[in-house]
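Everything on this sheet refers to the single structure shown next.
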Amino acid sequence: MRDSKRLAAQYLTMRRIRAFEDRAETMARDGKVTGAVHASVGQEGIAVGVCANLLPSDKITTTHRGHGHCIAKGTSPRAMMLELFGKAGGTSGGKGGSMHIADFSVGMLGANGVVADGLPIAVGAAQGEKLLGRDTVVCCFFGDGATNRGPFMEALNWAAVYRLPVLFVCENNSYASTTRTETVTAGPGPSARAESLGVPAFSVDGNDVAAVDELAGRLVREIRAGAGPKFIEARTYRLHGHTAADAGAYRDAREVEERWTSDPIARCAAELRRLGVPDSDITAMDEAAEREMADAVAIALAAPWPDPRTAFTDVQDVGAPV
Ligand SMILES: Cc1ncc(C[n+]2csc(CCOP(=O)(O)OP(=O)(O)O)c2C)c(N)n1
Ligand SMILES: [Mg+2]
């Protein structure tokens, strides 16, 4: 039987992610947050189910759609919201924004605006950890679109050759921006590509947080014991636009509406009720999540801008004239 306490904790984390991203999108549309905001609404079960099996010392990399992974790994949503607003106290001092959140204190090695470029970073981190003799697991989140870029092949190949402790997690939401990925992808899909590179692949319903938790738990244990890299293809769907500004004209409204019936949060709430968790407990979690993120926004709105004297610290010097 499923453990209702563990599932309730995962429900709360998914609700916190949803409450964070709903507000981030609203703030982006209101012009309070600049730079693209990519929400993972509908995909929260993957971030939460996987990260529930990672230790604080384990590491992750993520993508342009990374808020959920950051929160699930333990990054402070307050610092993340400050980052989105470009304010002092943000995870990258307000210089990165949504696509460049990083928090080494919890092993969050970075979001990444370049599709597929988190994969080789994860593999490099895993190689470093292995050379240092540690049993760290590095988990790398990426989308289905990333499987059509060269770094995907290079990263899986290297990880397989050196038997590195990497869990590759492909969030297959069937779209890469406005394109249906299958229309630009040869062969049977992400899992087959992983297997062709010698990385064992497993498919899971990414909108079933308990199923993701169970699969990730087993694979993380195997990887930590030295089994080499593994690959999860988590089937899911992006319920909101590609960015907060996306009107979604490339998708049939009925398709999106139908997919809302498989919302991982609603499904998890139904499962909690089935396990005997009272409605009042679920509502209390909903309210706590909304309160926490309303506070994060209020704090970010009121926060000061970074000191202008810090403008050129912690940024790459590419030799351009100042
Ligand atoms: C190398 C590169 N090419 C193109 C883009 C523009 N771009 C941003 S997100 C995206 C789609 C990515 O699709 P996927 O990997 O499936 O992730 P999803 O957005 O579905 O989460 C594209 C093409 C980019 N950021 N980087
Ligand atoms: Mg995609």
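The values are calculated or read from the model by the stated rules, or taken from the named source; none is laboratory data. Predicted, not measured: the structure shown is a model, and the values here were computed from it. Cβ atoms come from the backbone with ideal geometry, glycine included; neighbour counts cover every protein chain shown. Only protein heavy atoms, including side chains, enter the accessible area calculation; ligands, DNA and RNA are left aside. Shrake-Rupley method; radii C 1.70, N 1.55, O 1.52, S 1.80 Å.
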Of (1) within 16 Å of ligand 2 (Cβ to nearest atom); (2) of a type in the set (D, E, K, R); (3) open to solvent by 20 Å² or more (accessible area, probe 1.4 Å); (4) more than 22 Å from LEU109 (Cβ to Cβ), ARG149 satisfies every one except (4)
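Being among the acidic types (Asp, Glu), in a loop (DSSP other than H, G, I, E, B) and more than 15 Å from ligand 1 (Cβ to nearest atom), is that true of even one residue in region 184-204? Talk me through it step by step, then tell me what you get.
Of region 184-204, the ones among the acidic types (Asp, Glu) are 195.
In the following step, the residues that additionally are in a loop (DSSP other than H, G, I, E, B) were identified as none.
No: zero hits.
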When every residue in region 118-146 that is open to solvent by 30 Å² or more (accessible area, probe 1.4 Å) and out of contact with any helix residue (DSSP H, G or I) (no Cβ under 6 Å at 6 or more places or on another chain) is compared, the one farthest from ligand 1 (Cβ to nearest atom) is GLY133
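Could you run through region 164-180 and say how many residues are open to solvent by less than 20 Å² (accessible area, probe 1.4 Å) and either out of contact with any strand residue (DSSP E or B) (no Cβ under 9 Å at 6 or more places or on another chain) or more than 10 Å from ligand 2 (Cβ to nearest atom) (or both)?
6
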Among the residues of region 8-25, are any away from ligand 2 (no atom under 16 Å from the Cβ), out of contact with any strand residue (DSSP E or B) (no Cβ under 7 Å at 6 or more places or on another chain) and closer than 14 Å to PHE141 by Cβ?
yes
Flagged in region 78-101 as open to solvent by less than 30 Å² (accessible area, probe 1.4 Å) and either under 13 Å from the mean Cα position of the chain (by Cα) or within 16 Å of ligand 2 (Cβ to nearest atom) (or both), in numbering order, are SER98, ILE101
Scanning region 282-316 for residues that are out of contact with any helix residue (DSSP H, G or I) (no Cβ under 7 Å at 6 or more places or on another chain), closer than 27 Å to ARG6 by Cβ and acidic (Asp, Glu) gives GLU287, ASP295
Residues of region 1-40 being within 16 Å of ligand 1 (Cβ to nearest atom), crowded, with 23+ Cβ neighbours inside 10 Å and closer than 15 Å to THR243 by Cβ, in sequence order, are GLU21, ALA24, VAL37, HIS38, ALA39, SER40
Residue pairs within 9 Å by beta carbon, gap of at least six or interchain, first lying in region 29-44 and over 18 Å from ALA296 (Cβ atoms) and within 16 Å of ligand 2 (Cβ to nearest atom), second open to solvent by 60 Å² or more (accessible area, probe 1.4 Å) and in a loop (DSSP other than H, G, I, E, B), listed first then second, are ALA36/ALA245
Here the residues within region 230-276 that are open to solvent by less than 50 Å² (accessible area, probe 1.4 Å), closer than 30 Å to GLY31 by Cα, in a helix (DSSP H, G or I) and in contact (Cβ under 8 Å) with a residue 40 or more places away in the chain are PRO264, ILE265
